[in-house]
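To start, the structure under review is shown below, and the notes come after it.
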Protein chains: 4
Amino acid sequence: MTTSSIQELTARVRAFADERDWQQFHTPKNLAMALTGEVGELVAEFQWLTADQSAAVMADPELGPRVRAELGDVTIYLVRLADVLGIDLVAAALDKLADSARRYPVDQARGSAAKARDEIS
Amino acid sequence: MTTSSIQELTARVRAFADERDWQQFHTPKNLAMALTGEVGELVAEFQWLTADQSAAVMADPELGPRVRAELGDVTIYLVRLADVLGIDLVAAALDKLADSARRYPVDQARGSAAKARDEIS
Amino acid sequence: MTTSSIQELTARVRAFADERDWQQFHTPKNLAMALTGEVGELVAEFQWLTADQSAAVMADPELGPRVRAELGDVTIYLVRLADVLGIDLVAAALDKLADSARRYPVDQARGSAAKARDEIS
Amino acid sequence: MTTSSIQELTARVRAFADERDWQQFHTPKNLAMALTGEVGELVAEFQWLTADQSAAVMADPELGPRVRAELGDVTIYLVRLADVLGIDLVAAALDKLADSARRYPVDQARGSAAKARDEIS
């Protein structure tokens with residue numbers, strides 16, 4: 001699916017909402033809440049797994065598809081929220097990554113859990 | 001920034017982590033938690049705003065850039081989690097959207113808050 | 001139910017976990033994730049409601065009991081996490097409230113959305 | 001602090017909000033969002049820790065007090081939300097625990113990760 005860009009996804013999610021007259025519910029405030037709910041469902045898939053189990057989750061015939069579906073939901077709401085706000089997600093992420101590169105220079109940050117703890121945020 | 005695709009962002013975030021030896025912290029379990037933390041910061045920007053205020057948030061010289069930065073953080077961790085799991089976010093979202101289209105046919109779902117309540121998820 | 005204190009609830013949740021040998025899953029890390037999942041379910045109940053609808057939610061025969069059940073779940077995991085960590089929740093909350101009282105003096109904070117925005121946290 | 005009950009905490013949080021005219025912001029919808037933000041901060045404290053590190057977190061002179069303070073914040077907003085909704089948190093939790101006891105009988109649930117995965121919720 002080489003042509004499926006984030007722009008195309010954004011347009012499809014917008015059309016999905018428009019066709020159902022759901023724009024009225026899609027304020028940034030409401031969408032931020034919906035995003036939270038979906039992230040909560042994603043986290044719930046991992047909550048009782050060990051680190052190793054979580055790394056192998058996609059090989060599990062039951063859990064793998066569920067995790068993929070939850071990531072799909074999270075992506076839908078994130079893309080919708082960005083669309084409503086007029087934000088380019090990839091550009092916003094790249095800007096933030098550049099900030100983080102300045103705050104955590106490679107030579108000081110290597111392997112440091114203390115640094116990693118506050119990390120990219 | 002026409003060339004900045006989600007694939008390019010994914011590669012940059014991966015390089016960022018690799019250079020700092022942070023792969024060791026980036027289990028799916030840990031990244032799902034980090035995503036939660038960032039979504040929590042995003043939600044906090046909206047918590048006391050009315051629906052109308054939230055719709056105008058990008059015009060606020062202080063709040064607008066903060067919301068954009070938080071969306072950037074959320075995107076970074078979402079892209080990183082998908083990379084570690086080997087999931088194509090856009091494809092996962094499109095599959096989920098197709099499911100939702102079946103569950104909420106246009107003619108039955110129009111404007112329905114009850115339907116919208118369970119919505120895309 | 002005058003005798004149902006938070007201490008009694010804590011003891012009951014502990015017994016529930018012990019009887020099922022679930023202590024092994026109840027690390028602070030896992031319980032923090034479980035708490036997130038439950039809060040996500042709670043937030044999802046409110047995501048499409050207006051402020052006024054949210055204020056009237058307990059009068060709704062379908063939504064009211066669901067919100068109460070979600071608050072119950074959140075409380076169970078919060079109490080369990082505090083038990084595992086050895087933290088007195090009420091004392092921790094009172095200490096934090098005293099901090100907030102110093103940071104937001106009544107005469108400066110009255111009705112201020114700006115102050116309220118950062119509020120108790 | 002034998003007298004510090006959840007009822008007393010509830011009354012203190014209510015007075016704190018009333019004195020600052022913050023009731024106007026404290027709709028259930030907004031408080032559910034605020035709770036999310038605080039849980040996000042709590043989760044962030046655990047995100048890069050191993051299971052063992054998380055179990056020892058209260059012995060860390062820097063992390064321990066931060067975790068306690070975050071639990072305090074979560075408790076404040078949970079208690080405030082319950083107050084606004086007119087819900088008795090302990091009673092709601094005990095009712096939910098009784099439900100879970102029926103759904104996960106001791107003899108079938110012992111030590112089962114599969115059962116624990118869906119667990120109390």
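Percent of Cα-Cα pairs per 10 Å bin, from 0 to the last occupied bin, for the protein assembly as shown, please list those.
Bin by bin from 0 Å, the calculated values are 4, 20, 32, 28, 14, 2, 0.
To the nearest 20 debye, what is the magnitude of the charge dipole of the range B:45-113 about its Cα centre, counting +1 on the Cβ of each Lys and Arg and -1 on the Cβ of each Asp and Glu?
Taking the Cα centre of the range B:45-113 as origin, the dipole is about 260 debye.
Give me the inter-chain shielding for C:105-112: mean count of other chain Cβ atoms within 10 Å, whole number please.
Working: counts 2, 5, 2, 1, 5, 4, 6, 4.
That average works out to 4.
Distance between the C-alpha centers of the range A:20-80 and the range C:54-109? Whole Å please.
Comparing the Cα centres of the range A:20-80 and the range C:54-109, I get a distance of 25 Å.
Report, for residue C:91, each distance to the same residue's label point in the other copies, shortest first and in nm; define the point 7 Å along Cα→Cβ.
Listed shortest first, these distances are 2.9, 5.3, 5.4 nm.
Which of rounded, prolate, oblate describes the range D:1-45, given a ≥ b ≥ c as roots of the alpha-carbon gyration tensor eigenvalues and a/c under 1.5 marking rounded, otherwise prolate only if a/b is larger than b/c?
Values: a/c = 2.60, a/b = 1.15, b/c = 2.25.
Oblate shape, in that a/c is at least 1.5 and b/c is the bigger or equal ratio.
Efficiency by 1/(1 + (r/R0)^6): what FRET value for residue B:19 and residue C:59, r their Cβ-Cβ distance, R0 = 41 Å, to the nearest 0.05?
Working: r = 56 Å, r/R0 = 1.36.
Efficiency for this residue pair is about 0.15.
Could you quickly flag the chain D residue whose beta carbon comes closest to the rotation axis taking D to B, and that distance in whole angstrom?
Nearest Cβ to that rotation axis, in whole Å: D:40, 1.
No solvent, one uniform scatterer per C-alpha: report log10 I(q)/I(0) for the range B:11-80 via the Debye equation at q = 0.13, 0.16 1/Å, two decimals.
For the requested q values the scattering log ratios are -0.46, -0.63.
Taking the Cα centre of the protein assembly as shown as origin, sum charge times position over the Cβ atoms of Lys and Arg (+1) and Asp and Glu (-1), and report the length of that vector in debye to the nearest 20. Each step should come with its number before you reach the end.
Values: 52 positive and 76 negative charges, 0 e Å.
Around 0 debye, computed over the protein assembly as shown.
In nm, what does the list of distances from residue D:56 to its counterparts in the other copies look like, shortest first, when each label sits 7 Å along Cα to Cβ?
Result, one decimal in nm: 2.6, 5.3, 5.5.
Within 10 Å of each Cβ of D:80-89, how many other protein chain Cβ atoms are there on average? Don't skip to the end; give the middle numbers.
Values: counts 1, 5, 4, 0, 3, 8, 3, 7, 6, 11.
Mean shielding count: 5.
Measuring from the lowest to the highest alpha carbon on each principal axis, how far does the range D:39-104 reach, largest first, in angstroms?
That gives 36, 32, 18 Å along the principal axes, largest extent first.
Can you compute the modelled spin-label distance between residue D:110 and residue B:98, with each label point 7 Å from Cα toward Cβ, in nm?
4.7
What is the distance, in nm, between label points placed 7 Å from the Cα along the Cα-to-Cβ direction at residue C:66 and at residue D:66?
It is 3.7 nm.
Name the residue farthest towards the positive end of the dipole of chain C from the options C:34, C:44, C:89, assuming +1 on Cβ of Lys and Arg, -1 on Cβ of Asp and Glu, about the Cα centre.
Sorting the options by dipole projection puts first C:89.
How large is the charge dipole for chain C, taken about the Cα centre, if only the Cβ atoms of Lys, Arg (+1) and Asp, Glu (-1) carry charge, to the nearest 20 debye? Don't skip to the end; give the middle numbers.
Details: 13 positive and 19 negative charges, 78 e Å.
Around 380 debye, computed over chain C.
Which entries of A:96/B:29; C:29/C:96; A:29/A:96; C:29/D:29 have Cα-Cα distances beyond 25 Å here? Intermediate values should be presented prior to the final figure.
Values: A:96/B:29 22 Å; C:29/C:96 22 Å; A:29/A:96 22 Å; C:29/D:29 27 Å.
With Cα atoms farther than 25 Å apart: C:29/D:29.
In nm, one decimal, shortest first: how far is the label point of residue B:15 (7 Å from Cα along Cα to beta carbon) from the matching points in the other copies?
Those separations, rounded to one decimal, come out as 3.4, 5.9, 6.0 nm.
Calculated from DSSP H runs of 4 or more alone, at -39500 (n - 2.57) each and per residue, what is the 222 nm mean residue ellipticity of chain B, nearest 500?
On the way: 7 runs with 86 residues, N = 121.
Value at 222 nm, helices only, nearest 500: -22000 deg cm²/dmol.
For chain B, report the % of Cα-Cα distances exceeding 27 Å.
More than 27 Å apart: 37 percent of the Cα pairs in chain B.
Every number in this text was worked out from the coordinates using simple rules, so none of it is lab data. Every value quoted in this text rests on a predicted model; they were computed, and no experiment measured them. Methodologically, a virtual Cβ is constructed for each residue, glycine included, from the backbone with ideal geometry; neighbour enumeration extends over all protein chains shown.
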